[in-house]
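**Student:** First, the structure itself, so that you have it in front of you.
The values are calculated or read from the model by the stated rules, or taken from the named source; none is laboratory data. None of these values were measured; they are calculated from a predicted model. Here the Cβ positions follow ideal geometry from the backbone for every residue, glycine too, while neighbour counts run over all protein chains shown.
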Amino acid sequence: MSSFIPFPAYYDDAPIDLSFVYKNEKPAGRRGFLKAEGGTFVFEDGTPGRFWGTNFNGGANFPEFDYAEKVARRLGKIGVNIVRFHQLDAEWDTPNLFSFSNGKRCDKTTELDSESMKRLDYLIHCLKEEGIYVYIDIFTYRKFKTGDGVENAPALADAGKPYSGYNKRLIELQKKLAYDIWNHYNPYTGLRYKDDPVFVMCEVVNESDLFSRKIATEPYLSEFRELFNGWLAEKGIEYDACSCDVNGTDEPLIQFKIELQERYYTEMIGFMRDIGVKIPLTGTNWSINKACSKTQLVTDFTDSHVYYYDWRWGEYKKSCMNKAITESPDCGFGRLSIMRVADKPFFVSEWDMPWPNEYRAESPLLFAAVGSFQGWSGFTIHTYAYTSRLMHMNILGKEVSSDTIGGVPYREGIFSTWNDPAKFGLFYHAALITRRGDVPVSENLTMIDTTDLSGGTGQSFNSSPEQNRIACNYLNKGEGVDENIPLVNPDSGEVMSDNGCLYRSWHKRFGYIDTERTKCAYGFLAENGTVRLKDMTFDCKTDFAVLALSSLTDVPLGETDNILFTAVGRAKNTDAVFEGEVMKEYGKPPVLIEVIEAEIAFGTSQKNLVCRAVNAEGFYIGTVPSWYDSNGMFHVKTGETMRSMYYLIAAE
């Protein structure tokens, strides 16, 4: 019979402080500007650029000063070293770039609000002091107004997508905003944004393309046909631009859209370079199809988004897929990989396996481990929060009083992670894996030929990113493997990395991470008996759990005198009610975690280790049962006494 105990989160602190591990990385920017070199990021002093972090959405980017100080310290303690500023321009959230508060009519979006910028400036200063970098997202949800000199502005979707990729006036307005942002002077850092190495990445536009977004609104439809007709004449191609379905997949359309999108990126990136922006820039950030991915070849790095989620969360009926990653042959890494090319750094600026999926604790360490194995440059989860008023809404999945923000139900809080022990609670380990490179990069690279640019992910991508490094071959066709030939047999039910550090079985429904400084077993552990790694065993009685140990020093787990051990699985609100996958009641505080009953054992050269449990407030609860056996293995048993999710194992 499972049991649950309270494990609330506090917006202004974290129960364990690992900032000492990263003390040499403060302030952010001390290593110079980030740059792209081949397939990786490096700072000017040669240090690799590897990042683990989170998005701040909408109003969370413009906090009061005291909150900015607290949230920066909290993230620093957890090991987060990057925040992506997302949805800064969203009209539905206040503050935003153009308006600090609601009430006064906003008739144009051509000026930055001074109070909003003051808040953003101070947040940047606080993050910088804690060694946390910034990925700035400046064009996402901007709602163009007639006062901006935009034709048919009321009919345009957020950010004028997809017309903002070719309409001259919309591009002029994007350039002006980019100019104003990058030349903005931050009085708290004493630098203009473009001169501050705290900024490490930026994209031209968030989640926009000419392939999946419909071209239908006038006068932009006619403008597209005119541009297409001119391109056809230039290329000498016979095709009817005036009456064709511009949203179709005919070859001339696909090729024209590729060139048009590349032209847009090249123009915007060139403009930002001309005004003095030094950091790596990309175009857009989703693997919507391979044609869109191919257009990113003109950028400095590639970026994509992935969600293990099936989008059934409505305003009134609220349901969500409740399926474990360990039950799926592919859990999104294949979709990410169609945006990965061998000679450019790759970053994942949005990912999630959101609440209320009860198995979501699987995701942070798996994503961190696969990213490290692939040589990707890092992740920012979507999202930390949509607001800074976190002391008022302290249950999972509910951050605001309404059922939607901007007409979107999930923004009420199901993607908020700041108080989720099942996800954010594992960020200590995920940050260590990513920033230290605990999982060695695969030495074997498989290039996959991409032939059908209008299609989705071919079978070769399924599960293969967990086997060896994967990259798309968009240029030299015939030199890679066929995208339709599986590299991992789905019927085998399992995949093992070529260096032996990663294993996952969708038949047995569990997996592990086995490295020198971090070891983890996750999934349905009870039904799989003893999980044996190199010099470590896991025995778990709780049916679903994540058990993770990380050395908090530079030496392996078998030698270190300081270890973080986390045992977590399901987390929920008190009195939450579900019927199958449908939520009936959110529940109330406090957040509860399932007590994990488990025994771990590992070899160690340390002779006097002691294990203490740590509660949500950061206090030692007491000593957890532990002992050395006759073979010198150190055992720890959780769940019967001193119950928690965090345990510090240290030499006395």
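**Student:** Residues Glu581, Glu585, Glu599: which one is in the same structural domain as Cys540 (by TED's automatic domain parsing), surrounded by fewer than 13 Cβ atoms within 10 Å (Cβ to Cβ) and either closer than 16 Å to Ile16 by Cβ or not hydrophobic (A, V, I, L, M, F, W, C) (or both)? Quick ask: steps written out before the conclusion?
**Tutor:** Details: Glu581 fails: surrounded by fewer than 13 Cβ atoms within 10 Å (Cβ to Cβ); Glu599 fails: surrounded by fewer than 13 Cβ atoms within 10 Å (Cβ to Cβ).
So the residue among Glu581, Glu585, Glu599 that is in the same structural domain as Cys540 (by TED's automatic domain parsing), surrounded by fewer than 13 Cβ atoms within 10 Å (Cβ to Cβ) and either closer than 16 Å to Ile16 by Cβ or not hydrophobic (A, V, I, L, M, F, W, C) (or both) is Glu585.
**Student:** Follow-up. Looking at segment 154-173 only, could you name the residues that are closer than 14 Å to Glu91 by Cβ and surrounded by 16 or more Cβ atoms within 10 Å (Cβ to Cβ)?
**Tutor:** As a first pass, look at segment 154-173 and keep what is closer than 14 Å to Glu91 by Cβ: 154, 156-160.
Result: Leu156, Ala157, Asp158, Ala159, Gly160.
**Student:** Is there any pair with a first residue in segment 218-243 that is closer than 19 Å to Tyr163 by Cβ and a second that is among the acidic types (Asp, Glu) and assigned to a loop (DSSP other than H, G, I, E, B) whose Cβ atoms are under 7 Å apart and which are 6 or more apart or on different chains, and what are they?
**Tutor:** Sorted first by the residue in segment 218-243, then by its partner, the pairs are Pro219/Glu151.
Here's the yes/no breakdown for (1) under 30 Å from Phe100 (Cα atoms); (2) surrounded by fewer than 18 Cβ atoms within 10 Å (Cβ to Cβ); (3) at pLDDT below 95:
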residue	(1), (2), (3)
Ala14	yes, no, no
Phe20	no, yes, no
Gly29	yes, no, no
Gly32	no, yes, no
Gly39	no, no, yes
Phe51	no, no, no
Phe56	yes, no, no
Phe62	yes, no, no
Phe65	yes, yes, no
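**Student:** In segment 40-65, how many residues are of a type in the set (A, V, I, L, M) and closer than 20 Å to Leu281 by Cα? Walk me through it before giving the result.
**Tutor:** Going residue by residue through segment 40-65, those that are of a type in the set (A, V, I, L, M) are 42, 60.
From the residues that got through so far, the ones that are closer than 20 Å to Leu281 by Cα too are 42.
Of the residues in segment 40-65, 1 are of a type in the set (A, V, I, L, M) and closer than 20 Å to Leu281 by Cα.
**Student:** Filter segment 598-634 down to the residues that are among the aromatic types (Phe, Trp, Tyr) and touching a Phe, Trp or Tyr at 6+ places or on another chain (Cβ under 8 Å) and list them by number. Break it down into steps so the answer makes sense when it comes.
**Tutor:** In the first step, residues of segment 598-634 are kept if they are among the aromatic types (Phe, Trp, Tyr); the result is 602, 619-620, 627-628, 634.
Matches in segment 598-634: Phe602, Trp627, Tyr628, Phe634.
**Student:** Tell me which residues, restricted to segment 115-164, are β-branched (Val, Ile, Thr) and either modelled with pLDDT of 95 or more or within 18 Å of Val71 (Cα to Cα) (or both). Even if it seems obvious, please write down each step before you answer.
**Tutor:** Taking segment 115-164 first, the residues β-branched (Val, Ile, Thr) are 124, 132, 134, 136, 138, 140, 146, 150.
Selection gives Ile124, Ile132, Val134, Ile136, Thr140, Val150.
**Student:** Something else: For segment 211-263, which positions are outside any loop (DSSP other than H, G, I, E, B), over 21 Å from Val298 (Cβ atoms) and not small (Gly, Ala, Ser)? Before the answer, list the steps.
**Tutor:** Of segment 211-263, the ones outside any loop (DSSP other than H, G, I, E, B) are 220-235, 251-263.
Then drop every residue that is not over 21 Å from Val298 (Cβ atoms), which leaves 220-223, 225-226, 229, 232-233.
The answer is Tyr220, Leu221, Glu223, Arg225, Glu226, Asn229, Leu232.
**Student:** In the set Ser372, Ser402, which member is in a loop (DSSP other than H, G, I, E, B) and in contact with a helix residue (DSSP H, G or I) (Cβ under 8 Å, 6 or more places away or on another chain)?
**Tutor:** Working: Ser372 fails: in a loop (DSSP other than H, G, I, E, B).
Unique residue meeting the criteria: Ser402.
**Student:** Further, regarding this structure: Just checking, does segment 565-576 include any residue being farther than 17 Å from Phe7 by Cβ and at pLDDT 95 or above? Show your work before the answer.
**Tutor:** Looking only at segment 565-576, we keep the residues that are farther than 17 Å from Phe7 by Cβ, and these are none.
There is no residue in segment 565-576 that is farther than 17 Å from Phe7 by Cβ and at pLDDT 95 or above.
**Student:** A further question on this structure: Among the residues of segment 236-251, is any buried (at least 21 other Cβ atoms within 10 Å of the Cβ), farther than 30 Å from Ala471 by Cβ and of a type in the set (D, E, K, R)? Step through it out loud before you land on a result.
**Tutor:** First pass over segment 236-251, keeping only residues buried (at least 21 other Cβ atoms within 10 Å of the Cβ): none.
Looking through segment 236-251, none of the residues is buried (at least 21 other Cβ atoms within 10 Å of the Cβ), farther than 30 Å from Ala471 by Cβ and of a type in the set (D, E, K, R).
**Student:** Identify the residue in segment 127-138 that is touching a Leu at 6+ places or on another chain (Cβ under 7 Å) and assigned to a loop (DSSP other than H, G, I, E, B) and, among all such residues, is surrounded by the most Cβ atoms within 10 Å (Cβ to Cβ).
**Tutor:** Of segment 127-138, the ones touching a Leu at 6+ places or on another chain (Cβ under 7 Å) are 130, 132, 134, 137-138.
Then keep just the ones that are assigned to a loop (DSSP other than H, G, I, E, B); that gives 130, 132, 138.
Details: Glu130: 22, Ile132: 26, Ile138: 22.
This residue is Ile132.
**Student:** Is there a residue being over 21 Å from Ser19 (Cβ atoms), in a loop (DSSP other than H, G, I, E, B), out of contact with any Leu (no Cβ under 8 Å at 6 or more places or on another chain) and of a type in the set (A, V, I, L, M, F, W, C) anywhere in segment 79-93?
**Tutor:** Yes, some residue in segment 79-93 is over 21 Å from Ser19 (Cβ atoms), in a loop (DSSP other than H, G, I, E, B), out of contact with any Leu (no Cβ under 8 Å at 6 or more places or on another chain) and of a type in the set (A, V, I, L, M, F, W, C).
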